Amino acid sequence: MRALLLTTRIAASVLLAAACGGKAVRPEGAPSRVVVVGASVVPRPAPRGFTGDVFGSENPRDVVAREGAEALRTRGYEVLGVELTAGAAPTVEQAAALAREYRAEAAVVLVLTRLDLSAMQPLGRAEIELESMMVGPDGRVLSSDDRRSATSQNLYRARTDWRSHVRQAVIQAVRELP
């Protein structure tokens, strides 16, 4: 069981590093110290298959926050903290307050707004909508984007575990941040 968990984490790290390869470094002049805020309006999907039974079912906002923090670290950001919000995304003022609370240069807000898993088992695909926003401590929006992506993976786990699709969408969203 531990070997399976270790193998899964190593594979996820390798995939994350490969996926972030196109824009692996934080741009010059961009904020370097950030706090990550994960949110989701999507309900927790039911466990599917062996992987879902073994690892259980996580809340989507947990996955978005954890994977967002890891993707930001990979790009060279210093992640000072990770916050989770229930329901809708925090307002710009709330995000700015979090940045000030953590003494960060920005708050990165990632919100999962749609997760369609209807084609996951037969095709290894999922449709995901993710909103991202970077807010400075002064309340200035440094970046904002709404992404709709169709993720596709051929691994067995990708056909039974929605988290790998969310991970891929989060990595794509983090690449677009300054």
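The values are calculated or read from the model by the stated rules, or taken from the named source; none is laboratory data. Bear in mind the structure is a predicted one, so any value in this text is a computation, not a measurement. Because the Cβ atoms are built from the backbone with ideal geometry, glycine has one as well, and the counts that use them run over all protein chains shown. Just so you know, the surface numbers come from the protein's heavy atoms only, side chains and all, with ligands and any DNA or RNA stripped out. Shrake-Rupley method; radii C 1.70, N 1.55, O 1.52, S 1.80 Å.
Points worth noting:
- Scanning the range 91-102 for residues that are within 14 Å of Val34 (Cβ to Cβ) and either open to solvent by 70 Å² or more (accessible area, probe 1.4 Å) or at pLDDT below 95 (or both) yields a count of 2.
- The set of residues from the range 140-172 being under 12 Å from the mean Cα position of the chain (by Cα) and either at pLDDT below 60 or among the polar types (S, T, N, Q) (or both) comprises Ser164, Gln168, Gln172.
- On inspection, Ala71 qualifies as in a helix (DSSP H, G or I), at pLDDT 90 or above and closer than 16 Å to Ala107 by Cα.
- Checked against (1) at pLDDT below 95; (2) under 17 Å from the mean Cα position of the chain (by Cα), Pro27 meets all criteria but (2).
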